[in-house]
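**Student:** My questions will all concern the structure given below.
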């Protein structure tokens, strides 16, 4: 049996920095070591984080999380992105619950499939059609497969260091990966039009697709917004060759621009991969595409047991509608800017060199001269002890549930954390 | 807006064979053609079925489905497998709803991750550990990656015609697939120990894994239970070489033997892939493995945004517990046998040659001399018009919600359908 906290709720968000209770988390990690390889796997493995971070979570609501010991956190990771309107958003959950009372898995999709595809086609600027899956990796892999089927070519240009998923053609680890899995992947440098052109020349008449994330959101380095000249060069190379321009909007989608993250740049992709925020935490991914790639999309065979479950589609319709009508993206950007301005002022006051990068609603913070992340680890450990969950080296996520009072509350914790960094590192 | 039926419910399950209303399904297909490639994709595409089959479903309960026009069907596909206890099983849904009130996506797993891994390790005979994902394809691909990481070898032996998922290394269509995607896949014939040995010799000292489905459940041909000599040969070849024996239990898992589908054969795999029935329709997949492959499983990097969502894990714990304690597998087998016996008697009475294959709880029916599936298409079209959803060429699925009265009701429809086949084909 699991050891769920029975109603207790610790005020980890107090003014002190004493370590909050961790007995449940410790016991769970001990049990996990026996039945889960390495005790945990993937991007949610807390072994990649300082000891102050909990591994297991008990509950969530709005922009707050409670760990397995009942310690409360004001959250800036949003489940690594999916939570865009707030944990357990009442409108999304009500739509999902209403569909759950009818059916979820059936022998075919519910009518909501058509409704959701129509909603995406009406919302995403480049989209003439949509199909759905479960993982972001499903969506990026499907885009690559469609591009190859459409062009009858093989080479895919990928930015060095970009994350596009966790299967052999793209996973960051080479363990279990063969050379052939990546035989047709060529690399360029994000935001460097010349390197993109050189990679396209290397691909020659075998160029199937240029794949790019919405912005450069690689972990452990400053983020970079997509340069208009880079995006336009990618579009021009695809126009000249007939290759597909594939936008990987899995991480940034529905946080930068609801019509697609490159819409403000005036550059429309041929195919886009979506997931994370599309249904406010319900498992769903999507590919949208233009008419030129419709035939290829119907020629390939991709599917999954749960790709047409109706509850996640009900959640997606509610999520996209609420984001579109409720000004959620502007709200996230404003709250991210409020946090960014506050952090900049505090860093200056404490004499700590802080680099803030990325869109305000998906911020990354790194410390000057902190190549080993010692300052970042100390800083975020101090905020976690004070009930504010920040990440030391991965981009964070704002949601439409964050309010000015939440940002101000977070800034109380960060002020103390800056003081700790200044005290230790001078 | 979708056009959900407002409370109507057609008695498609009457005694006549007049076509039930289809206006909603027809209108939805027309809309879908505009916004979904080919109007639908994947294994749930009704274009692969006779015209009598609906594409869109409105609701489901127990062993019954209602299509978008409100026509009722007694179901023998179970959503292509996931529904193992009955659609909207009250115990599973209550467990899921209780967790949903706490949280689903969070910054890490809930304690239910540990509880579920412990449950699998305690239930699945070969399992020392477990990790979780969303698609059956995630699980099979992860098994292949673990096997390669553990052995530092590349070749994977796969049975000709076996379905292991829908990504480039294994999807049935070659559209968008490169030769390199399958460079290290070698083929053998299911249930043929000699061909397995020949393939292993071809792999030589580069053999990473032998991959096999729980039984031969290829579509459009007679099913074959796994022959003990074949399973033992696979085990012996892996023991001799250090390669991984990987059981793809995605489709059959939790319907043949709760400890693993090859447990009755006395052959234990090193790695198993699970999905479909693991959480009674909630999106979840799992890999279980032995201690020998634990280090490799922690070395690879696989992950997905929704792989740790807690609601599906609550559903899985409830599903596995209820199946284990409630005798669900025996119930499914008994109901499948009741259907099989009834069909055999009817086929004989009508003078129609019928071949029934596969485990009784996952039956396939094919007609003699029916290479173009004309008889099967007519037969299932007649049952569908009478409110009984059978498949003309894919294995079907029983659930623990099927009762003797349901089977008898289905046999009323099949008796009329056999008469139609006899009348048309003599």
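**Student:** Could you please let me know if residue A:301 is surrounded by fewer than 24 Cβ atoms within 10 Å (Cβ to Cβ), facing chain B (nearest Cβ under 8 Å), at pLDDT 95 or above and assigned to a loop (DSSP other than H, G, I, E, B)? Talk me through it step by step, then tell me what you get.
**Tutor:** Numbers: surrounded by fewer than 24 Cβ atoms within 10 Å (Cβ to Cβ): yes; facing chain B (nearest Cβ under 8 Å): yes; at pLDDT 95 or above: yes; assigned to a loop (DSSP other than H, G, I, E, B): yes.
Against the criterion (surrounded by fewer than 24 Cβ atoms within 10 Å (Cβ to Cβ), facing chain B (nearest Cβ under 8 Å), at pLDDT 95 or above and assigned to a loop (DSSP other than H, G, I, E, B)), residue A:301 qualifies.
**Student:** Right, here's the next one. Among (1) surrounded by fewer than 22 Cβ atoms within 10 Å (Cβ to Cβ); (2) touching a strand residue (DSSP E or B) at 6+ places or on another chain (Cβ under 6 Å); (3) within 9 Å of chain A (Cβ to nearest Cβ), which single condition is residue B:131 missing?
**Tutor:** (1)
Yes/no per residue for (1) at pLDDT below 95; (2) crowded, with 18+ Cβ neighbours inside 10 Å:
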residue: B:6; (1), (2): yes, no
residue: B:10; (1), (2): yes, no
residue: B:15; (1), (2): yes, no
residue: B:20; (1), (2): yes, yes
residue: B:41; (1), (2): no, yes
residue: B:50; (1), (2): no, no
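**Student:** Of all residues being within 23 Å of residue B:88 (Cβ to Cβ) and touching a strand residue (DSSP E or B) at 6+ places or on another chain (Cβ under 7 Å) in the range B:397-420, which is surrounded by the fewest Cβ atoms within 10 Å (Cβ to Cβ)? Just the residue, please.
**Tutor:** It comes out as B:409.
**Student:** More than 10 Å from chain B (Cβ to nearest Cβ) and under 19 Å from residue A:287 (Cα atoms): which single residue out of A:151, A:137, A:123, A:142 fits that description?
**Tutor:** Numbers: A:151 fails: more than 10 Å from chain B (Cβ to nearest Cβ); A:137 fails: more than 10 Å from chain B (Cβ to nearest Cβ); A:142 fails: more than 10 Å from chain B (Cβ to nearest Cβ).
After applying the criteria, what remains is A:123.
**Student:** Scan the strands (runs of 3 or more DSSP E) fully inside the range A:26-137 and keep the ones with 1 or more residues being free of Cβ contacts under 8 Å to residues at least 60 places away in the same chain.
**Tutor:** A:57-61, A:64-67
**Student:** Does residue B:376 count as surrounded by 21 or more Cβ atoms within 10 Å (Cβ to Cβ) and under 24 Å from residue B:280 (Cα atoms)? Show your work before the answer.
**Tutor:** Numbers: surrounded by 21 or more Cβ atoms within 10 Å (Cβ to Cβ): yes; under 24 Å from residue B:280 (Cα atoms): no.
For residue B:376, the condition - surrounded by 21 or more Cβ atoms within 10 Å (Cβ to Cβ) and under 24 Å from residue B:280 (Cα atoms) - is not met.
**Student:** For the range B:252-290, which positions are within 14 Å of chain A (Cβ to nearest Cβ) and surrounded by fewer than 24 Cβ atoms within 10 Å (Cβ to Cβ)?
**Tutor:** Answer for the range B:252-290, where residues must be within 14 Å of chain A (Cβ to nearest Cβ) and surrounded by fewer than 24 Cβ atoms within 10 Å (Cβ to Cβ): just B:290.
**Student:** In the range B:81-101, which residue that is in contact with a helix residue (DSSP H, G or I) (Cβ under 7 Å, 6 or more places away or on another chain) and closer than 19 Å to residue A:86 by Cβ is farthest from the other protein chains (Cβ to nearest Cβ)?
**Tutor:** B:99
**Student:** Scan the range B:164-216 for residues that are over 23 Å from the mean Cα position of the chain (by Cα), surrounded by fewer than 22 Cβ atoms within 10 Å (Cβ to Cβ), more than 21 Å from residue B:150 (Cα to Cα) and within 14 Å of another protein chain (Cβ to nearest Cβ) and jot them down.
**Tutor:** B:175, B:177, B:178, B:179, B:180
The values are calculated or read from the model by the stated rules, or taken from the named source; none is laboratory data. This structure is a prediction, so every number in the text was calculated from the model and none was measured. So basically every Cβ, Gly included, is an ideal-geometry build from the backbone, and we count neighbours across all protein chains shown.
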